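Report on the following structure.
The values are calculated or read from the model by the stated rules, or taken from the named source; none is laboratory data. These numbers were taken from a predicted model, which means no experiment stands behind them. Here the Cβ positions follow ideal geometry from the backbone for every residue, glycine too, while neighbour counts run over all protein chains shown.
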Amino acid sequence: MTDDPQVAAARIEVERRRSRLMATAHELQDRLSPKSLARNTWQGAKEKGADLAEDAVDGVRAHPLAATGVVAAITMFLAREPLMDLAGKLVDGAKTKTRKRRKAPQKEKTEAAE
């Protein structure tokens, strides 16, 4: 059974298009694989992080005093508990010194009276 030239050409075209379709399907399968998706997401995150870091550096260069103030405020916020403990100890220490100073002259007065 011989095919007419138009039928043979159509079969060749069908086979060519089927090959292209399968190649496209394999490409899509590769692009949508979890490994590829994770790699692309990680690469995008790295690029975005680098852009943010570059913008932050540019901002600090443009406004160094404001940046220093922001960093100081954040540091104080994060270290508020130890700072409050330290302030309490300083206040307690100052009260103790004041009490000792007040008590010292009274001892001298009693010694002078004897």
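Pairs are defined by a Cβ separation below 7 Å, a sequence spacing of at least 6 or placement on different chains, a first member in segment 83-102 that is closer than 22 Å to A73 by Cα, and a second member that is part of a helix (DSSP H, G or I) and at pLDDT 70 or above; the pairs so defined are L83/M76.
Taking the conditions exactly as written (of a type outside the set (D, E, K, R), modelled with pLDDT of 95 or more and over 24 Å from the mean Cα position of the chain (by Cα)), does T24 satisfy them or not? Criteria met by T24.
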